[in-house]
Structures are given as C-alpha cells and as structure tokens.
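Here is the structure we will look at, set down as structure tokens.
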C-alpha cells in the first residue's frame, strides 16, 4: 500500500537455518520506506546493487514523489512522456482491481487524496463544493492506454498508484530473484510481503501482523503470526495515518465514490493471495468497504483470504479470519 495512504508494517521473524546454506539478507530503502529481503542461495550471491537498480527504475516509473517519473508526467499531461513496462503492468493491474471492486479501489482518486491533504499539500479545509467539483474526475473507466499512450476523458484526471505499486514492486523483485534460480526467499517492501519455498530446514517463513493502537504514536505490538509459502500478504489500516480537526478524526483512506474519508469500525485488514500487488490493492478496497461487505466479497472470491481487525459497539477489538487465512495463523495474541 507505496502510497500516500498508510503503509502498514509487518514484522519479519528471522528464523533461518544454517544446515545447508546461510541466508543472504539485504536491507535498504525504496519508495520512501524500507525493504528487507532474505533468500537462500547455494552460491551466496549478493544482489543488493541489482535490486537497488530495479527499485530505482520502478520509482522512476510509478512514483508520485519523483517529479519526472512517468506517472508524474502522465498526471501533468506531458506530451513527451513515454510509457514503460512498469507503468503499463501497474496500470493494467490497478484497472483490474478497480473493476472487480466496482470502484472501491480506484487509482484515479488522486485529486481527492490531494484535496484532503494526504498528498503533497498540508491538509486544508474541504467542503462539499470542493468534493462535488472533484467527483466527476474520479472514475477508472475514463482512462485507458492506446498505442502506448494514456488517454483520459478529461485532462484534469490524475492517478495515484500508492495503494498498489508497493505490492507490485514486491512481485517485480520476487520474479527477478526467481530468474536467478532463487527458490527460497522472503521479500518485504514497506510491509508488503511475498514468500517462496521452504527454508533449508524445511520450516516456513514467518511474518507478524501488527495490532491496531489507540494512538498513531503508540508502541507496536503483534496481533498474530502467520506462516507463508508461495503466497503474499498485504495489510492496510486506518489507525496510524490520519489527522484530527475540530475533534473529528479523518482517515487517510478516501472513498472514491463519496469523496470523503471512510468512517467505520474496520481498523485493519490483511489480505492473503498469490500476487502482492493484488493483495495490496484489495486491502485498500476493503478498508473503503468496511468489514461486512469485505467479508462477503472475500468469502465469494476463492483466490483471496483475509484477516480482519475491527472494533465492536463497545470499542473492543474483534478479529475475523477466513477459513484459508485461519490455516496460516500459528499464533494469535490478545
């Protein structure tokens, strides 16, 4: 979720074996956050420089924070922009989830995100007139790529890939590692995670899911630990990134259809599937929908599993895990 919206942190448990080969561990920065990559390689090759180069190229394509990225040029309708493979694939995946969720996830939400102050600008007064003026610009169906060029129904339409690009970048790095015959790895970029294979001792990769906090600066604790193999997990939540004004808490998650920050009892959701970009985007869509609608959607979509943390009427935390997600939980904390 690289995103103006919230990057929900997952904690990596270092559970490696020295039986056959030592793990290669790489730590760095990308997309305004961290990356942590661990893999087993009989040659013990260090791919840090290659991975840094890939992530730099990825940022130059779909980052909102780089003024001359492909995305930034598309947003300001630069006629010289050349659409690259990263942008095309990210666009295709974003449109797929936008369609599947009927716009609960919508990558054209950028004007609303900026208006509410979760983009580059400080949060500012937003009234119904501003929202009404921006809503006609929010519709994934009004943009497409034709002959390598982005076509918009209105030049004021802008894109925000923050809720999918980070997960997608995990898949990019994972595919590159596999091209180097790496069959056991865990790639974590800003809390979006993909795992492949078993470790040499036969154990699986373990990842922790953070427990929501009352205040955004509270210490981080775990709510659950899961084991991953050949799948991905992405988490989105509303409790660490928000601002308060006149006693009202405004979430960073914007409902593309109403134009307003969401206000419901769902605190966080972790989505489990094979593709990290999809997990990332669906997690955002579920934060827009809330618990009940998201639960219904997941249970009717075989390729998705999810773990929800929400507050009940008394303000107490409750959890719900789909059947498939329940199978990967090894420990759950109070």
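Overview of results
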| read-out | value |
| --- | --- |
| Search result, residues across the stretch 54-73 that are farther than 23 Å from residue 195 by Cβ and assigned to a helix (DSSP H, G or I) | 56, 57, 59, 60, 61, 62, 70, 71, 72, 73 |
| Which listed residue, of 47, 58, is farther than 30 Å from residue 80 by Cα, modelled with pLDDT of 95 or more and surrounded by 17 or more Cβ atoms within 10 Å (Cβ to Cβ) | 47 |
| Test: residue in the stretch 74-91 that is buried (at least 19 other Cβ atoms within 10 Å of the Cβ), in a loop (DSSP other than H, G, I, E, B) and out of contact with any strand residue (DSSP E or B) (no Cβ under 6 Å at 6 or more places or on another chain) | yes |
| Number of the condition not met by residue 251 [criteria: (1) modelled with pLDDT under 95; (2) under 26 Å from residue 89 (Cβ atoms)] | (2) |
| Residue within the stretch 137-158 that is at pLDDT below 95 and either in a loop (DSSP other than H, G, I, E, B) or surrounded by 15 or more Cβ atoms within 10 Å (Cβ to Cβ) (or both) present | yes |
| Test: residue in the stretch 196-217 that is modelled with pLDDT of 95 or more and either farther than 30 Å from residue 44 by Cα or in contact with a helix residue (DSSP H, G or I) (Cβ under 7 Å, 6 or more places away or on another chain) (or both) | yes |
| Any hit, the stretch 264-271, residues being on the phi > 0 side of the Ramachandran plot and modelled with pLDDT under 95 | no |
| Residue match in the stretch 311-321 (condition: assigned to a loop (DSSP other than H, G, I, E, B) and at pLDDT 95 or above) | no |
| Matching option when the condition is in a loop (DSSP other than H, G, I, E, B) and either surrounded by 15 or more Cβ atoms within 10 Å (Cβ to Cβ) or in contact with a strand residue (DSSP E or B) (Cβ under 7 Å, 6 or more places away or on another chain) (or both), among 167, 117 | 117 |
| Selection from the stretch 171-195 of residues that are assigned to a loop (DSSP other than H, G, I, E, B), modelled with pLDDT of 95 or more and in contact with a strand residue (DSSP E or B) (Cβ under 7 Å, 6 or more places away or on another chain) | 182, 183, 184 |
| Some residue of the stretch 284-300 being more than 19 Å from the chain's Cα centre (by Cα), under 24 Å from residue 207 (Cα atoms) and either assigned to a helix (DSSP H, G or I) or at pLDDT 90 or above (or both) | yes |
| Residue list for the stretch 69-100, restricted to those being over 21 Å from the mean Cα position of the chain (by Cα) and under 21 Å from residue 114 (Cα atoms) | 73, 74, 76, 77, 78 |
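The values are calculated or read from the model by the stated rules, or taken from the named source; none is laboratory data. Nothing here was measured: the structure is a model prediction, and the numbers come from that model. When we count neighbours, we look across all protein chains shown, and the Cβ atoms used for this are built from the backbone with ideal geometry, even at glycine.
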